[in-house]
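Colleague: One structure, as structure tokens, below. Some questions next.
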Amino acid sequence: MNRGIRHNGFLLTESMVALAVLIVILSCMALTLKVFRKINQYQLARQQCISAAQAQLDCIAVTGSPIDNEIIKRLWPKVSIKIEQSDGKYQWQGLKLVKVKATAKADNKDVSVELARYLAPEREIRPVSTRHQAEVGQ
């Protein structure tokens with residue numbers, strides 16, 4: 001028997017175990033990246049809803065009319081906006097309550113943001129087409 005011979009290096013089984021451990025680590029990292037991607041898509045859709053709703057409220061407060069639908073679709077293509085107007089109640093009586101609800105989809109999840117602001121009554125919300133007619137008439 002040759003007891004003096006020593007084998008240096010990895011055996012096949014040691015290489016296979018190291019490869020299996022690397023595969024498990026990489027698959028866990030891939031799953032983590034997928035979860036982060038979903039979270040980022042949701043946060044992006046939420047931020048787009050907030051900015052679209054805030055822009056609508058600001059435009060209504062300044063000009064008295066909402067932003068054109070074509071501009072909304074160009075700036076925020078995945079966001080849909082609904083505007084509601086009602087009279088103020090209690091201590092807000094005499095003012096108009098304007099609510100803007102922006103919705104979008106992010107990875108099969110609905111994202112919805114609702115912002116509201118009280119405006120002076122002289123700021124009636126005019127339809128978009130009326131504003132265009134007034135601009136063309138000038």
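Colleague: Taking segment 38-66 on its own, how many of its residues are touching a residue at least 24 places away in the same chain (Cβ under 8 Å), surrounded by fewer than 15 Cβ atoms within 10 Å (Cβ to Cβ) and of a type in the set (D, E, K, R)?
Modeller: Qualifying residue count for the region: 1.
Colleague: Please go through segment 91-113 and pick out each residue that is of a type in the set (G, A, S) and either surrounded by 12 or more Cβ atoms within 10 Å (Cβ to Cβ) or modelled with pLDDT of 90 or more (or both). Steps first, answer last, please.
Modeller: Step one: filter segment 91-113 for residues of a type in the set (G, A, S), giving 94, 102, 104, 106, 112.
Listed by number, the residues that qualify are A102, A104, A106, S112.
Colleague: Still on this model: Given G9, G88, which one is under 30 Å from P121 (Cβ atoms) and at pLDDT below 90?
Modeller: The match here is G88.
Colleague: Turning to a different aspect of this structure: Which members of segment 12-65 meet the condition of being of a type in the set (D, E) and at pLDDT 90 or above?
Modeller: Pass one, segment 12-65, residues of a type in the set (D, E): 14, 58.
Of everything in segment 12-65, just one residue is of a type in the set (D, E) and at pLDDT 90 or above, namely D58.
Colleague: Now a separate question. Go through segment 114-127 and give me each residue that's at pLDDT below 60 and surrounded by fewer than 14 Cβ atoms within 10 Å (Cβ to Cβ).
Modeller: Passing the criteria: only E124.
The values are calculated or read from the model by the stated rules, or taken from the named source; none is laboratory data. Fair warning: this is a prediction, and the values are worked out from it, not measured in the lab. Cβ: placed from backbone, ideal geometry, glycine included. Neighbour counts: every protein chain shown.
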